[in-house]
1. Can you name the condition, by its number, that residue 104 falls short on among (1) within 27 Å of residue 125 (Cα to Cα); (2) within 26 Å of the chain's Cα centre (by Cα)?
2. Restricting segment 1-45 to residues that are in a loop (DSSP other than H, G, I, E, B) and touching a residue at least 40 places away in the same chain (Cβ under 8 Å), which is farthest from residue 120 (Cα to Cα)?
3. For residues that are under 22 Å from residue 33 (Cα atoms) and either modelled with pLDDT under 85 or part of a loop (DSSP other than H, G, I, E, B) (or both), tally how many sit in segment 70-117.
4. Within segment 126-135, take every residue that is at pLDDT 85 or above and farther than 11 Å from residue 78 by Cβ and give me the one that is nearest to the chain's Cα centre (by Cα).
């Protein structure tokens, strides 16, 4: 008896040269990723499988997310970079950046760590005098 196996992809167009990201088990996961990547389409693959797990048929169904996908809030990332040796790291929280900077400056005397914040809409921006703000 044949059965259908379904998985989802996020994609940027319906062209044959499209960019696809996935696979995902659910439509919700694929749609969240598509909106985050600013892709306008979902692609649902349906594989009709035979009893011996051989693919009998493949169906591809494109689903347009709409002309104006709902924008997700842009994530804020914190970047630290040592001005002395060039070592850098990316952090999700400001406290992680501060801990990384403290450890690096403690382990490497006379090193100076710079802090940057990054948003996709504004790019990379240095936080000047960030050590004096927390004191």
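1. Every condition holds for residue 104 apart from (2).
2. 1
3. Adding up the residues that qualify gives 9.
4. 126
The values are calculated or read from the model by the stated rules, or taken from the named source; none is laboratory data. Remember, predicted model here, so these are calculated numbers, not experimental data. Every residue, glycine among them, receives a Cβ derived from its backbone with ideal geometry; neighbour counts consider all protein chains shown.
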